[in-house]
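Trainee: I am attaching a structure below and will ask some questions about it afterwards.
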Amino acid sequence: MSQPVRSRPRPVPTPETRHFWEGTRAGELRLQRCRACAKAYFPPRPFCPRCASRDVEVFRASGRATLASYVIHHRPAPGFEPPYAIALVDLQEGPRMMTNIVGVPQTPEALVLDMPLEVCFERLDDEIALPLFRPVGSGA
C-alpha cells in the first residue's frame, strides 16, 4: 500500500532570490549575468562567482536546457510520488541547475543524457512556482 503524498517543501524567498521567485511566478526563468565578465550564473547571489563583481543584472533566460545527469529515486519523500528523477540540467545560457524532469516516464530508457528540455512551472501556491523541465515539445 502506498503512502499518501504530502505537499512539497516550500522554498522561502530571500532578498537575493526574490527576482528568481517573482520570475517563476510569472512563468519566466530569470538568471543573473555579470556585466564585468558576461558570465551568467545560478543560483542567485549579489556578486559574480567568477570575478566577484557586484555589477550584475537579472535577465529572462530562454528556458531551454539539456539533461546533464540524473538519478531515479524510488523512495517516497514529501511531495513526490516515486519513481521520480532528480536531475542536473545545463541551461542554454551556461549555468547548471538541479530540478526534476516531468512529462516523460521515469526510466533510464526515457531519460536520455543530452536530451533537449524546456522549462515548465509547478505552482505550489499564489507566491511560489517551481521550475521543472520536460522534453522539448512534450507539452506535458
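Trainee: Give C37, C48 a once-over and let me know the one that is in a loop (DSSP other than H, G, I, E, B) and surrounded by 14 or more Cβ atoms within 10 Å (Cβ to Cβ). Steps first, please.
Mentor: Details: C37 fails: surrounded by 14 or more Cβ atoms within 10 Å (Cβ to Cβ).
None of the other options fit; the residue is C48.
For every residue, the table says whether it meets (1) open to solvent by less than 60 Å² (accessible area, probe 1.4 Å); (2) hydroxyl-bearing (S, T, Y); (3) at pLDDT below 95.
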site: Q3; (1), (2), (3): no, no, yes
site: W21; (1), (2), (3): yes, no, no
site: R25; (1), (2), (3): no, no, no
site: P76; (1), (2), (3): no, no, yes
site: F80; (1), (2), (3): yes, no, yes
site: A85; (1), (2), (3): yes, no, no
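Trainee: Then there's this: Looking at R60, is it basic (K, R) and either touching a residue at least 12 places away in the same chain (Cβ under 8 Å) or in contact with a His (Cβ under 6 Å, 6 or more places away or on another chain) (or both)?
Mentor: Judged against the criteria, R60 is a match.
Trainee: For residues that are farther than 17 Å from W21 by Cβ and in contact with an Asp or Glu (Cβ under 9 Å, 6 or more places away or on another chain), scanning just the range 115-140, find the one that is least open to solvent (accessible area, probe 1.4 Å).
Mentor: We begin by selecting, within the range 115-140, every residue farther than 17 Å from W21 by Cβ; these are 115-118, 133-140.
Within this subset, residues satisfying the condition of being in contact with an Asp or Glu (Cβ under 9 Å, 6 or more places away or on another chain) are 133-138.
Numbers: F133: 0, R134: 48, P135: 21, V136: 63, G137: 70, S138: 51 Å².
Looking at the filtered set, the residue picked out is F133.
Trainee: Name the residues in the range 87-112 that are without any contact (Cβ under 8 Å) to a residue 24 or more places away in the chain, open to solvent by 40 Å² or more (accessible area, probe 1.4 Å) and out of contact with any Ser or Thr (no Cβ under 8 Å at 6 or more places or on another chain), would you?
Mentor: Step one: list which residues in the range 87-112 are without any contact (Cβ under 8 Å) to a residue 24 or more places away in the chain, which gives 88, 98, 105, 109-110.
Now narrow it down to the ones that are open to solvent by 40 Å² or more (accessible area, probe 1.4 Å): 88, 98, 105, 109.
Residues satisfying the conditions are M98, P105, E109.
Trainee: Just name the residue that is least open to solvent (accessible area, probe 1.4 Å) out of those in the range 51-74 that are farther than 24 Å from V119 by Cα and not charged (D, E, K, R).
Mentor: Within the range 51-74, the match that is least open to solvent (accessible area, probe 1.4 Å) is S53.
The values are calculated or read from the model by the stated rules, or taken from the named source; none is laboratory data. No experiment lies behind these values; they were computed from the predicted model shown. We place every Cβ from the backbone using ideal geometry, glycine too, and count neighbours over all the protein chains shown. For the accessible areas, the whole protein counts, side chains as well, though only heavy atoms, and no ligand, DNA or RNA atoms are used. Shrake-Rupley method; radii C 1.70, N 1.55, O 1.52, S 1.80 Å.
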